[in-house]
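Below is one structure; the comments refer to it alone.
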Amino acid sequence: MNWPQHLDYIEAVQHPQFCFDEPILRQARPVCDRFGVPRAAAGNFACVFQVTNGGDRWAVRCFTRAVPNVRRRYATLTQHLRSARLRCMVEFTYLEHGIRVRGQWHPVVRMEWVDGLTLPAYVESHLGHPLVLRELARAWDEVAADLARHRISHGDLQHGNILVMPDGRIRLVDYDAMFVPAFRGETSPELGHPNWQHPRRSERDYDEDLDGFSSLVMRTSLQAVIVEPALWKRYHNGENLLFTRRDFEAPHQSSLFRELIDSRDRQLSRLAHELESRCGNRRGGWLSQTLAPRTAPP
């Protein structure tokens, strides 16, 4: 199947009464820019539109690439996540006949719309406020622990898929690469954002421990900006928090790793050293759900 692309979906969504099959979406309206064009956020597998129907708002994920066994995957995810009832997840519905583009039906995922800041926006807005960022680190520890308790891996933990609510709660979006126990023995549908994943991650790495490396990247980065906010200006590039794939591929040549490991803050140095050690492991050692030490209280 040749999947519609970003512009194809934008054209279709301008006429919801004709392109959607579900009644509540047919009666909805897309959120548009000042030129009247539906706004779409592009991702690896999909583009996402915000639509409204009265006081209700949803995110509609339209696929631009094939997700293997997408129908079965989302049915399985629905069952597992409903039983887990994790506060960090958003409600979603998979629609096989979701959107019609040029006469052909394509699936969509209708998700609860979340009013939160992206992780980088939240961090940047609170640089120099260590108490707030420490609370964010604690919230992250809780999210990671909840996922581990229910044997779930998100599969693509990264800045664009982590939203922070006004009250500091964390919500995760984009479940295309998620692992739940029913998927054991399968291969990963994608490899995640390179600035958050181990450089040797492969499709065979797909189990409940998959998020361990990304979680450590998150905790190390947060502790770094708590201790030294100026790191943000030097290392944040819009597609990361602080680290990039190049840091993970050659940690001994990374100026960021050197700064963090040499930090006078013992917890930051310990976290950075652990992350550097995992970068050097070819198999097994970096796939760990063990939580990094909690941020010390102020």
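The values are calculated or read from the model by the stated rules, or taken from the named source; none is laboratory data. Just so it is clear, the structure is predicted and the values come from calculations on it, not from any experiment. Heads up, the Cβs are rebuilt from the backbone with ideal geometry, glycines too, and the neighbour counts pull from every protein chain shown. All accessible areas refer to the heavy atoms of the entire protein, side chains included, with ligands and DNA or RNA removed. Shrake-Rupley method; radii C 1.70, N 1.55, O 1.52, S 1.80 Å.
Mind telling me which of the residues Arg270, Arg258, Arg264, Arg278 ends up being among the basic types (Lys, Arg) and either closer than 16 Å to Gly192 by Cβ or in contact (Cβ under 8 Å) with a residue 60 or more places away in the chain (or both)? Before the answer, list the steps.
Values: Arg270 fails: either closer than 16 Å to Gly192 by Cβ or in contact (Cβ under 8 Å) with a residue 60 or more places away in the chain (or both); Arg258 fails: either closer than 16 Å to Gly192 by Cβ or in contact (Cβ under 8 Å) with a residue 60 or more places away in the chain (or both); Arg264 fails: either closer than 16 Å to Gly192 by Cβ or in contact (Cβ under 8 Å) with a residue 60 or more places away in the chain (or both).
Only one candidate passes the filter, namely Arg278.
Please enumerate the residues belonging to region 230-255 that are of a type outside the set (Phe, Trp, Tyr), closer than 17 Å to Trp196 by Cα and not in a loop (DSSP other than H, G, I, E, B). It would help to see each step written out before you state the result.
Within region 230-255, the subset of a type outside the set (Phe, Trp, Tyr) is 230-231, 233-234, 236-242, 244-247, 249-255.
Checking which are closer than 17 Å to Trp196 by Cα leaves us with 236-242, 244-247, 249-251, 254.
Arg245, Arg246, Asp247, Glu249, Pro251 - these are the residues of region 230-255 that are of a type outside the set (Phe, Trp, Tyr), closer than 17 Å to Trp196 by Cα and not in a loop (DSSP other than H, G, I, E, B).
Here are some conditions: (1) of a type outside the set (Lys, Arg); (2) within 30 Å of Pro229 (Cα to Cα); (3) out of contact with any strand residue (DSSP E or B) (no Cβ under 9 Å at 6 or more places or on another chain); (4) in contact (Cβ under 8 Å) with a residue 40 or more places away in the chain. Pro68 meets all but one. Which one does it not meet?
(2)
When you check Arg29 against the structure, is it modelled with pLDDT of 95 or more and surrounded by fewer than 17 Cβ atoms within 10 Å (Cβ to Cβ), yes or no? Can you show your working first?
Details: modelled with pLDDT of 95 or more: yes; surrounded by fewer than 17 Cβ atoms within 10 Å (Cβ to Cβ): yes.
When the stated conditions are applied, Arg29 passes them.
Run Leu231 past the list (1) open to solvent by 30 Å² or more (accessible area, probe 1.4 Å); (2) of a type outside the set (Gly, Ala, Ser); (3) out of contact with any His (no Cβ under 9 Å at 6 or more places or on another chain) and report the number of the one that doesn't hold.
Condition not satisfied by Leu231: (1).
How many of the residues in region 111-159 are in contact with a Pro (Cβ under 7 Å, 6 or more places away or on another chain), of a type in the set (A, V, I, L, M, F, W, C) and part of a loop (DSSP other than H, G, I, E, B)?
Residues that pass the stated criteria total 1.
Name the pairs whose Cβ atoms lie under 6 Å apart, with the first residue in region 167-192 and touching a residue at least 24 places away in the same chain (Cβ under 8 Å), the second outside any loop (DSSP other than H, G, I, E, B) and hydroxyl-bearing (Ser, Thr, Tyr), and 6 or more positions between them or separate chains?
Every condition considered, the pairs that remain are Phe179/Ser153; Ala182/Thr76.
For region 144-160, indicate whether the set of residues that are free of Cβ contacts under 8 Å to residues at least 24 places away in the same chain and open to solvent by 40 Å² or more (accessible area, probe 1.4 Å) is non-empty. It would help to see each step written out before you state the result.
Keep residues of region 144-160 that are free of Cβ contacts under 8 Å to residues at least 24 places away in the same chain, which gives 149.
Filter once more, so that each one left must be open to solvent by 40 Å² or more (accessible area, probe 1.4 Å): 149.
Taking every residue of region 144-160 in turn, at least one turns out to be free of Cβ contacts under 8 Å to residues at least 24 places away in the same chain and open to solvent by 40 Å² or more (accessible area, probe 1.4 Å).
Go through (1) open to solvent by less than 70 Å² (accessible area, probe 1.4 Å); (2) modelled with pLDDT under 90 one by one and return the number of the condition Thr52 breaks.
Here Thr52 meets the rest and fails (2).
Could you pull out the residue among Arg100, Arg171, Arg134 that is in contact with a Cys (Cβ under 8 Å, 6 or more places away or on another chain), farther than 29 Å from Arg201 by Cα and either charged (D, E, K, R) or open to solvent by 70 Å² or more (accessible area, probe 1.4 Å) (or both)? Talk me through it step by step, then tell me what you get.
Values: Arg171 fails: farther than 29 Å from Arg201 by Cα; Arg134 fails: in contact with a Cys (Cβ under 8 Å, 6 or more places away or on another chain).
Selected residue: Arg100, the only one of Arg100, Arg171, Arg134 that is in contact with a Cys (Cβ under 8 Å, 6 or more places away or on another chain), farther than 29 Å from Arg201 by Cα and either charged (D, E, K, R) or open to solvent by 70 Å² or more (accessible area, probe 1.4 Å) (or both).
Which ones in region 198-221 are part of a loop (DSSP other than H, G, I, E, B) and touching a Ser or Thr at 6+ places or on another chain (Cβ under 9 Å)? First the steps, then the outcome.
Step one: filter region 198-221 for residues part of a loop (DSSP other than H, G, I, E, B), giving 198-211.
If the condition is that a residue be part of a loop (DSSP other than H, G, I, E, B) and touching a Ser or Thr at 6+ places or on another chain (Cβ under 9 Å), then His198, Arg201, Ser202, Glu203, Arg204, Asp205, Tyr206, Asp207, Glu208, Asp209, Leu210, Asp211 are the ones that fit.
Out of Arg71, Arg65, I need the residue that is in a helix (DSSP H, G or I) and under 20 Å from Phe20 (Cα atoms). Which one?
Working: Arg65 fails: in a helix (DSSP H, G or I).
Step by step, each of Arg71, Arg65 is checked, and only Arg71 is in a helix (DSSP H, G or I) and under 20 Å from Phe20 (Cα atoms).
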